[in-house]
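The structure under discussion appears below in the form of structure tokens.
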Amino acid sequence: MIENLPSVISSWNISGTGVTVYELLLFILIIVVSFVLGQIISKKLRKDISGKIPVNDRELLIKIVYFTILIVGLIIALPYIDVDLSGILFAGGIIGIIIGFAGQNLFSNFISGIVIFIERPIKIGDNVGVGDVLGTVEDIRILSTIIKTYDGIYTRIPNLTIFSSNITNYVANVARRFEYTIEIRYRDDAELAMSVIRGVVESHPFALKHPAPLVFVESLGQNGVVIVVKIWAPSSVWWNVRTELLQTIKLAVEAEGIEIPFPQRTVWFPEKNQFFPEK
């Protein structure tokens, strides 16, 4: 009797449904396994990506994964209780096509967001340029990225735009170079001017020694001698170093009596009666 119990149970029909007890148990088992599997994967996913993306985006991604597992489990389980999926799939297909056309950009932004998370061309806090938008990355979400411009304006850029645009990341490298073009009068000592500039640059705590700064005469201009200064600084303080050194160099060269020339023109006057001789 006990040996035949599985076959007996499998032959029991639920009144008015045509579904056996065995099929009902399989349906319940698949639903329970899907639920448990969704919970386990969600917890592991939350642990693995914790701290890597914003909390709101993390929870949204976990919910998408969780409900996807439940839906797949439900689709597998429904045939066991004699639910015809053809009508559901047909209706779902029509709805899916409608949603597909309506949500094409939404899906593209979602996929682009995932690629950005994996590739990480930008990170929160980076100073970047995307198209004509320049600023600091404030947040990277599933569908969009928030950039705070240097004027304090928050700009939302779809991730598809981020993915398909040329991105300039100003702080991806630990150091960044900047340069000045300084012009002095011809009467001033160019060697003294370059020596003063080198001293100012080398005394700044954030002007890097490696790569070393360059100070050299680039050309002889119409109004004076053109000196070029190229300096490397940490990307995190690049702007502050650039503005501080420019003012310090100006004050230092002026203290040595070296001046920036004004535009000059030489006017030659003909000698008296050269063009109009006396009669």
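We did not get these values from a lab; they are worked out from the coordinates using the rules stated. Just so you know, these numbers come straight off a predicted model, no measurement behind them. We place every Cβ from the backbone using ideal geometry, glycine too, and count neighbours over all the protein chains shown.
Pairs exceeding a 30 Å alpha-carbon distance, out of LYS148/LYS250; LYS44/LYS148; LYS44/LYS123; LYS52/LYS148; LYS123/LYS250; LYS123/LYS209: LYS148/LYS250; LYS44/LYS148; LYS123/LYS250.
The calculated FRET efficiency for ASN166 paired with VAL267, based on their beta-carbon distance and R0 = 45 Å, is about 0.35. Loop-located chymotrypsin sites (Phe, Trp or Tyr not before Pro) in the stretch 139-230 (DSSP state not H, G, I, E or B) with no more than 14 neighbouring Cβ atoms inside 10 Å: TYR150, TYR186. Here the label points at ILE76 and GLU256, each 7 Å from Cα along the C-beta direction, are separated by 7.9 nm in the simple model.
Here the simple spin-label model places points 7 Å from the Cα toward Cβ, and for SER50 and LEU24 these points are separated by 4.1 nm. Would you please give the FRET efficiency between LEU220 and GLU244, computed as 1/(1 + (r/R0)^6) with r the Cβ-Cβ distance and R0 = 22 Å, to the nearest 0.05? Using R0 = 22 Å, I get an efficiency of 0.15.
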